[in-house]
Structures are given as structure tokens and as C-alpha cells.
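The values are calculated or read from the model by the stated rules, or taken from the named source; none is laboratory data. Keep in mind that this is a model prediction, so the values were computed, not measured. Cβ placement follows ideal geometry from the backbone for every residue including glycine, while neighbour counts extend to all protein chains displayed. Calculation scope for accessible area: heavy atoms of the full protein, side chains included, ligands and nucleic acids excluded. Shrake-Rupley method; radii C 1.70, N 1.55, O 1.52, S 1.80 Å.
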Amino acid sequence: MKIAVSAEGPYLESEVGQRFGTSKYFVIVDKETMSFESMPNPGASSASGSGVQAIVLVIGKKVDTVLTGYCSPTAMGHLTKNGIKIVTGVDGNVYEAVAKYKKSELKNITEVGHKPDSWTGENNRTALAGAFKSSVRQFVNLLPTLAGVVLLIGLLNALMSKELLSLVFSGDAVFDTIWGACFGSIFAGNPVNSYVIGGELLEYGVSLFAVTAVIVAWVTVGLVQIPAEISALGRKFAVVRNIVSFFMAIAVAGVTVLVFNFIRW
């Protein structure tokens, strides 16, 4: 018997994913031997259709049972029609979940061929608990970014001055855009940081052309990361992509500001 467990990682020690359709992995475990294989969930990063992709993957692997935190009624209907049992409200890690299932310690089992028409209070509580855990996990993952943004604002306020910026950004639209693209190409980090820098530059009187170029180049050009890009994709591709992206950042900045001014007026 093969058991598919929605999981946040590819190992038996990984936490059980709290949503069937968007969990990062499916760990498929042999109930008897506890041998396993891990499959990335193709729908984990999809804005829509995640459940369908997860359903197709699980059915294709010919599993007998799915263990997860929460599974939508639609996904349950498709899975049970294909002879797959669903167990919801599962937590802990993958190994513990399978061990509990083997000992018949798990509840909320949807039998084969049964499509749930309504949810009981227990199911609703399970879904709510899963959503709460997922929200907490996402907030914790976001904390380093928030801390970095706060520190970056303090650093910019301490180091930047209008006099210093005026030496670089003279007010000429063409040269300011080019300088903005240059700085954006050099900087690295979370794209959110580019918005912080852009906002601070605007506060110090830097033109919108330059700020837009900084933001666009930040997320498209990566001079700091080019050695890794060369290693993964080849020297020619990496160099050409970065050069094209640099000039595209200048062009996009110019067009964006012109369109913005046209709409505003």
C-alpha cells in the first residue's frame, strides 16, 4: 500500500502540509517497508489550478491513501472516485503521520467513493487550525525580510543626503535613468528592498526616471549573482541576458514615467 502525505519538505522528518493542493511536496511512503520517494507539488506556486495539478500527480502515482491537513471537497471527490482514501486533520511530521495511520489512530477518514456534501464542526475546526498554522508559518518566514527593510531604512537615512545624491543625479532625465539602472544592477537582495530604496530616493528629490530604473534593474539585472548564473546557464546566455536587461530597464523606466505623466495630466 502506498500512502501520499502532503508535506513541507521532501523527507520523512518534514512537517505535514496543511493544505493538500498547495503543499510543497508529496512524500509517497510504502506502508509496509517505510521506503519513500518525494515529488515536488507542481501546483505549490500556482496562483490557480493548484488542486488540479496535485490531484493529477497523486492519481498518477497510484497511491491508496492521502494524509493531509485539509483537502477541499472538490479534490476529495476526484480522489475518492479514483479509489483513494483521504485522511484530514493530520499534523506532525510525515513519519509520525504514517505511523499513526498504521495504528489506526487517525480520524477524519473519507472512504472511497464518498464525496462529502457538507462539513461537520470538527472538519471546520481542523481547516481553521490548518489555516492558522499556515498563516503563522508565513509570518515567521516574512520576519527576516521585514527586519531587513527596517534596518535598510535606518541605514539610508544615516548615509544619504541631498548633497550627496545631487552629485550623481543632476536632474537630467537621460543621465539620471542611466545612473539609476547602474545602481539597480549592482544592488542585490529581496526585491521588496528596492521599493524601500526607491521611496527614500524620491523623498530626497531624485527623479522618477532614476527611481524607476533602479527598481526595474534591481529585479532584472544581477551583476552580483552573475557568476552563479554563468555556472548554471552558460557564460554567453548570462552576459547577453544581463546586457539586454540593463537596456530594457532604461527603456521601461522612460516609457513608464512618460505614461504615468500622461495619465496624471
What distance in nm separates the simple spin-label points at Leu202 and Leu258, each placed 7 Å from Cα in the Cβ direction? 2.1
Extended-chain gain in nm, criterion 0.36 nm per residue less alpha-carbon gap, Leu143 and Lys103: 10.5 nm
If you take the square roots of the eigenvalues of the alpha-carbon gyration tensor of the range 166-265 and sort them as a ≥ b ≥ c, do you get rounded (a/c under 1.5), prolate (a/b over b/c) or oblate? prolate
Suppose each label sits 7 Å from its Cα in the direction of the beta carbon; what would the Tyr195-Phe247 distance come out to in nanometres? 3.1
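When the accessible area of the range 164-230 is computed with all protein chains present and a 1.4 Å probe, what percentage of it is carbon and sulfur?
Details: 2300 of 3230 Å².
The nonpolar share, carbon plus sulfur, comes to 71 percent.
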Two-site FRET efficiency, Leu164 against Ala228, from Cβ-Cβ distance with R₀ of 41 Å, rounded to 0.05: 0.80
Loop GluC sites (Glu not before Pro), the range 37-108, which have at most 13 other Cβ atoms in a 10 Å radius of their Cβ (DSSP): Glu105
